[in-house]
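Written out below as structure tokens is the structure these notes cover.
Read-outs throughout are calculated quantities, based only on the coordinates presented, and are distinct from any laboratory measurement. Predicted model, so just to flag it, every value in this text is computed and none were measured. All Cβ positions, glycine included, derive from the backbone under ideal geometry; neighbour counts span all protein chains shown.
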Amino acid sequence: MELLDALAATFDHTATIVAGVTPDQLDATTPCSAWDVRALLAHTIGVVTNMGLGVRGEALLGDLNATELEPDLGVQFSTVAGATMAAWRSVGLDAEVDVGAGPMPAMVAASINLLDTAAHSWDIARATGQPSELSADVAVAVMEACRMVVTDEVRSFAGFDAAVPVPADASPTTQLVAFLGRQP
């Protein structure tokens, strides 16, 4: 699966999960121990927003985690994701972009966007009792992006725990989240 197609599918998957969050779930704990659902939604929407801004060459948000949540979370995420996806499709993967960590190849930045969104969609789904499985082809594409981006050095400063062992026949989503240090 092509990287931008995997990102679009992940955005669609995440939009469904975000739309399924109810107000009474916003204070629930998530697999990301530092964040409850509300904080993780703000972070996730902030990251997707910043990716689009950076790809378009616009000024980035100052604090990703301070993103104000709107009453209709699903519409908010879908709107942001749509604008970001349009930016990725317009610029393509051969460009250089600055999404907050300095100039980098668009392929790397899009991979970061993909793995961050996929991981947090799983976190939000788990925290709110929703189905968390990505489609197998998307999970495999996300895992390819992870293997390119998530090194031991990155784990130490990006908040990824060590990979968790899972059976070889685990689903692609289970393998993915285990690789990212989450307990499936």
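Grab the Cα-Cα distance for L93 and L60, subtract it from 0.36 nm times how many residues apart they are, and report the gain in nm with one decimal. Kindly include the intermediate steps, with their values, before the conclusion.
Details: separation 33, 0.36 × 33 = 11.88 nm, distance 1.97 nm.
Extra length available between L93 and L60 comes to 9.9 nm.
What is the range 3-134 by shape, rounded, prolate or oblate, if you read a ≥ b ≥ c off the alpha carbon gyration tensor as root eigenvalues and call it rounded for a/c under 1.5, prolate for a/b larger than b/c, and oblate otherwise?
On the way: a/c = 1.94, a/b = 1.65, b/c = 1.17.
Verdict is prolate for the range 3-134.
Can you give me the relative contact order of the chain as a percent, contacts being Cα pairs under 8 Å and 6 or more apart?
25 percent
Would you list C32, C146 from fewest to most Cβ contacts within 10 Å?
With the fewest neighbours first, C32, C146 line up as C32, C146.
Using Cβ counts within 10 Å as a stand-in for footprinting exposure, how do T29, T67, T14 rank, fewest first?
Result, fewest neighbours first: T29, T67, T14.
Around W122, with a cut-off of 9 angstrom between Cβ atoms, what is the net charge of the other residues, counting Lys and Arg +1 and Asp and Glu -1?
Local net charge: 0.
Provide M143, M107 in ascending order of the number of other Cβ atoms located within 10 Å of each residue's Cβ, fewest first.
The most exposed by this proxy come first: M107, M143.
So, counting K/R as plus one and D/E as minus one, what does the shell of residues with Cβ under 14 Å around N65 add up to? Provide the component values of the computation, followed by the final result.
Numbers: positive: R38; negative: D36, D63, E68, D116.
Every neighbour counted, the sum reads -3.
Of F77, F160, F11, which has the largest mean-square fluctuation in a 10 Å C-alpha GNM of the chain?
For the chain, modelled as a Gaussian network with Cα springs under 10 Å, the answer is F160.
Using helices alone, what [θ] at 222 nm do you get for the chain, with -39,500 (n - 2.57) per DSSP H run of 4 or more residues, divided over all residues and rounded to the nearest 500?
On the way: 7 runs with 108 residues, N = 184.
That comes out to -19500 deg cm²/dmol.
Which residue fluctuates most in the GNM of the chain (Cα springs below 10 Å): G46, G57, G20?
Looking only at G46, G57, G20, the largest GNM fluctuation is found for G57.
Placing unit charges on C-beta atoms (Lys and Arg positive, Asp and Glu negative, everything else neutral), compute the dipole magnitude of the range 50-184 about its Cα centre in debye, rounded to 20.
Dipole size: approximately 160 debye.
Give me the net charge of M104's neighbourhood, meaning all other residues with Cβ under 13 Å from the Cβ of M104; Lys, Arg count +1, Asp, Glu -1.
Value of the local net charge: -3.
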